[in-house]
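**Student:** My structure is below; once you've seen it, I'll send some questions.
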């Protein structure tokens, strides 16, 4: 029986046993009505945010394509109308974006912006309304409409490359649009939308006088009005009819899936640069990375973030194109040029359709060889980084994690610290960033990595045309390994005060093997059964039984090759801080009193078998794994070998390692929350020697002074490339993975 027939048979034998219920009539959806509401709220935001919104038609509406294109034209973060007007021209906003979302009962079209330093929300709101009115009056350029259409359609295709993602799109289209088959073709509403049609739809559905406004000002958390959190109707009692219990058969496990990586191929350019390539014949895109040795760890103390800022600048205009024109040139060919800055390497990345390979590599070459480093864009980048530094202080789990990281990986004199700091940011100049980029991206320090449907010779020939004449005697940066985590004897407890916080973020860690140490695979299994799995021991109690939290995470810290940590982290309602910590401590103790069971090991084995089977499913996924491995000082083949080892875990070995990881002497417990509520709970569970630590308010003030010197223009968060797959998300997400947690611990070997 073929796999599709077997799948259908299994579905029939499982869900076919459940009697079909009565059809549920879908309500008739009236035409959208506009609320014309204005709300002014306060929350933990670094600067005021203004959101303008309209009600829109249902997802099945033929207007969906025009509204999608309108949102892209208005709110593209690199060259959209609002970005150009509010950020580039007026300097009144730090970022601007727009979106259209359709639904069964109606949709919403919104655009928003963040206020620049010193700009009142009222002034931003007025400027946004004026800009939007001008947008509606300005005739659309057919070139811009075509660029938007191309980007939307390509993003949809790439978003369903993986089978699981494709199944999700099919399910959505079947349920919401009533047409499953439409998930497998380009959306005709986007594909066929005309310039005139987009203009007419905007003017008909997005009338400025119909707008609703949300203004979010910096202030304390909470205090939301009933319009946002209250019920929209009167609850009505109902009785669900009883249904007969159905016996669902438990099928025997099938044959373990397997997959083989494409063979690694190599080539060398005439100037000595090596290319490592993997051919995937059906790949819809080609992905290329110019990887330079040296990353976060390679800069001196006080210059943390230097190489990341430099790489970001290289995507913001190159050769004869400014930032917006460079981004447009990439979008015009369906490409994205981005960057990834990790602890050991820094990469410039490209994703491009195969037929546009030469043009895409030409853009990549411009970014690597001819970055502009415009002063205006530098001001924008520095300002946006300040915004991000300030904004992350509202994220309690991040606060707890960063405090734990700073405690476990103390500063070594002369070496880079493990996290951003406002002082370091203020000390970095545009000239330093330009010089650092030139020093790092040199033929002697760069290796190319690529994944695509063509053979290595084709990629090498294209790279040769763009990079073959590149020469330099510069050696580049030295690669510095990631420092180990240090646990002192005993149990250390830290409290990071967040007065008034309704929740507490918890971080509990103990020593564990590093990525290159023995028992790392077994430790991964222990981590999974303790907290990472949905049905793990801690989730079963803290989430399911006690209801303290939405979920518990557990992971092994990386990328330190030796001296890592096993971490359990969660966020709980503040009244349950002490009880939740108690359950976490019981969970560790239970590794001794409740031996690991075979089914707990099997769950980890199954996860890695699935990961192995899907490791070469998509070109985007393979490329992401490739550059992730390179960035951690490993190889794709090494990573595959480690994942394979996890599929061979034995019960005895995991039980033995569980005993080794059960003790919390030494350990670190960090709590971020309201001290008046939390401290009595900590004392009640026996944690009386608690050190209260304060955040670096002086650092924030220094960053703000640096911002003033730079002109006071604040910008949106660091952006990745349009296709993002080669960038690992934003570059800050890369650092979160590298220093705070082992991202994807269940599916990636480290």
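**Student:** List the number of the failed condition for residue 599; all other conditions in (1) within 29 Å of the chain's Cα centre (by Cα); (2) more than 26 Å from residue 352 (Cα to Cα); (3) free of Cβ contacts under 8 Å to residues at least 60 places away in the same chain hold.
**Tutor:** Only one criterion is unmet by residue 599, namely (1).
**Student:** Let me ask you something else. Kindly evaluate residue 626 against the criterion of being at negative phi and part of a loop (DSSP other than H, G, I, E, B).
**Tutor:** no
**Student:** Shifting gears a bit: Could we say that residue 351 is out of contact with any helix residue (DSSP H, G or I) (no Cβ under 8 Å at 6 or more places or on another chain) and part of a strand (DSSP E or B) here?
**Tutor:** Criteria not met by residue 351.
**Student:** Would a scan of the range 443-460 turn up a residue that is assigned to a loop (DSSP other than H, G, I, E, B), in contact (Cβ under 8 Å) with a residue 12 or more places away in the chain and either under 24 Å from the mean Cα position of the chain (by Cα) or assigned by TED's automatic domain parsing to the domain that holds residue 622 (or both)?
**Tutor:** Scanning the range 443-460 turns up no residue that is assigned to a loop (DSSP other than H, G, I, E, B), in contact (Cβ under 8 Å) with a residue 12 or more places away in the chain and either under 24 Å from the mean Cα position of the chain (by Cα) or assigned by TED's automatic domain parsing to the domain that holds residue 622 (or both).
**Student:** Give the number of residues within the range 1-40 that are surrounded by 10 or more Cβ atoms within 10 Å (Cβ to Cβ) and not in a loop (DSSP other than H, G, I, E, B).
**Tutor:** 15
Per-residue answers, yes or no, for (1) at pLDDT 95 or above; (2) in contact with a strand residue (DSSP E or B) (Cβ under 8 Å, 6 or more places away or on another chain); (3) closer than 15 Å to residue 436 by Cβ; (4) outside any helix (DSSP H, G or I):
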{"residue": "289", "(1), (2), (3), (4)": "yes, yes, no, yes"}
{"residue": "308", "(1), (2), (3), (4)": "yes, yes, yes, no"}
{"residue": "313", "(1), (2), (3), (4)": "yes, yes, yes, no"}
{"residue": "326", "(1), (2), (3), (4)": "yes, yes, no, no"}
{"residue": "331", "(1), (2), (3), (4)": "yes, no, no, no"}
{"residue": "338", "(1), (2), (3), (4)": "yes, yes, no, yes"}
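**Student:** Same structure, new question: Which condition number does residue 172 fail, the rest of (1) more than 21 Å from residue 99 (Cβ to Cβ); (2) free of Cβ contacts under 8 Å to residues at least 12 places away in the same chain being met?
**Tutor:** (1)
**Student:** Would you call residue 267 crowded, with 21+ Cβ neighbours inside 10 Å and assigned to a strand (DSSP E or B)?
**Tutor:** no
**Student:** Which is farther than 17 Å from residue 310 by Cα and at pLDDT 95 or above, of 446, 456?
**Tutor:** Matching residue, one of 446, 456: 456.
**Student:** Pull out all pairs, ordered by first then second residue, where Cβ-Cβ is under 7 Å, the residues are six or more apart or on different chains, the first lies in the range 356-368 and is free of Cβ contacts under 8 Å to residues at least 60 places away in the same chain, and the second is in a helix (DSSP H, G or I) and surrounded by 24 or more Cβ atoms within 10 Å (Cβ to Cβ).
**Tutor:** 363/330; 367/314
**Student:** If residue 681 satisfies all but one of (1) modelled with pLDDT of 95 or more; (2) touching a strand residue (DSSP E or B) at 6+ places or on another chain (Cβ under 8 Å); (3) surrounded by 21 or more Cβ atoms within 10 Å (Cβ to Cβ), what's the number of the condition it fails?
**Tutor:** It is condition (2) that residue 681 fails.
**Student:** Would you point out which residue out of 298, 312 is touching a residue at least 12 places away in the same chain (Cβ under 8 Å), under 21 Å from residue 416 (Cα atoms) and more than 23 Å from the chain's Cα centre (by Cα)?
**Tutor:** Criteria check complete, one pass: 298.
**Student:** Among the residues of the range 210-236, write down those that are in a helix (DSSP H, G or I) and either without any contact (Cβ under 8 Å) to a residue 40 or more places away in the chain or touching a helix residue (DSSP H, G or I) at 6+ places or on another chain (Cβ under 9 Å) (or both).
**Tutor:** Hits for the range 210-236 are 226, 229.
**Student:** Within the range 630-664, how many residues turn out to be at pLDDT below 95 and either surrounded by fewer than 18 Cβ atoms within 10 Å (Cβ to Cβ) or not in a helix (DSSP H, G or I) (or both)?
**Tutor:** Total satisfying the criteria: 11.
**Student:** Do you know which residues across the range 75-115 are in contact with a helix residue (DSSP H, G or I) (Cβ under 8 Å, 6 or more places away or on another chain), over 29 Å from residue 178 (Cα atoms) and part of a loop (DSSP other than H, G, I, E, B)?
**Tutor:** 76, 77, 78, 79, 80, 90, 92 - these are the residues of the range 75-115 that are in contact with a helix residue (DSSP H, G or I) (Cβ under 8 Å, 6 or more places away or on another chain), over 29 Å from residue 178 (Cα atoms) and part of a loop (DSSP other than H, G, I, E, B).
**Student:** Can you report the number of residues in the range 128-155 which are more than 15 Å from residue 209 (Cα to Cα) and either outside any helix (DSSP H, G or I) or in contact with a helix residue (DSSP H, G or I) (Cβ under 8 Å, 6 or more places away or on another chain) (or both)?
**Tutor:** Residues in the range 128-155 being more than 15 Å from residue 209 (Cα to Cα) and either outside any helix (DSSP H, G or I) or in contact with a helix residue (DSSP H, G or I) (Cβ under 8 Å, 6 or more places away or on another chain) (or both): 14 in total.
**Student:** Say whether the condition of being crowded, with 24+ Cβ neighbours inside 10 Å, in contact with a helix residue (DSSP H, G or I) (Cβ under 8 Å, 6 or more places away or on another chain) and without any contact (Cβ under 8 Å) to a residue 60 or more places away in the chain is met by at least one residue in the range 53-74.
**Tutor:** No: zero hits.
**Student:** Pick out the one residue from 300, 284 that is assigned by TED's automatic domain parsing to the domain that holds residue 385, surrounded by fewer than 20 Cβ atoms within 10 Å (Cβ to Cβ) and touching a strand residue (DSSP E or B) at 6+ places or on another chain (Cβ under 8 Å).
**Tutor:** After ruling out the rest, the residue left standing is 300.
**Student:** I would also like to ask the following. Kindly indicate the residue of the range 612-629 that is touching a helix residue (DSSP H, G or I) at 6+ places or on another chain (Cβ under 8 Å) and over 23 Å from residue 345 (Cβ atoms) and also surrounded by the fewest Cβ atoms within 10 Å (Cβ to Cβ) among those meeting that condition.
**Tutor:** Result: 617.
**Student:** Can you tell me which residues in the range 270-281 are outside any loop (DSSP other than H, G, I, E, B) and either outside the structural domain of residue 441 (by TED's automatic domain parsing) or crowded, with 20+ Cβ neighbours inside 10 Å (or both)?
**Tutor:** 275, 276, 277, 278
**Student:** What is the residue count in the range 340-369 for residues that are modelled with pLDDT of 95 or more and farther than 21 Å from residue 450 by Cβ?
**Tutor:** 0
**Student:** Tell me, please, whether a residue that is at pLDDT 90 or above, surrounded by fewer than 11 Cβ atoms within 10 Å (Cβ to Cβ) and on the phi < 0 side of the Ramachandran plot can be found in the range 168-178.
**Tutor:** no
The values are calculated or read from the model by the stated rules, or taken from the named source; none is laboratory data. For clarity, every value in this text was computed on a predicted model and none was experimentally measured. Don't worry about glycine lacking a Cβ; one is built from the backbone with ideal geometry, like all the others, and counts go over all protein chains shown.
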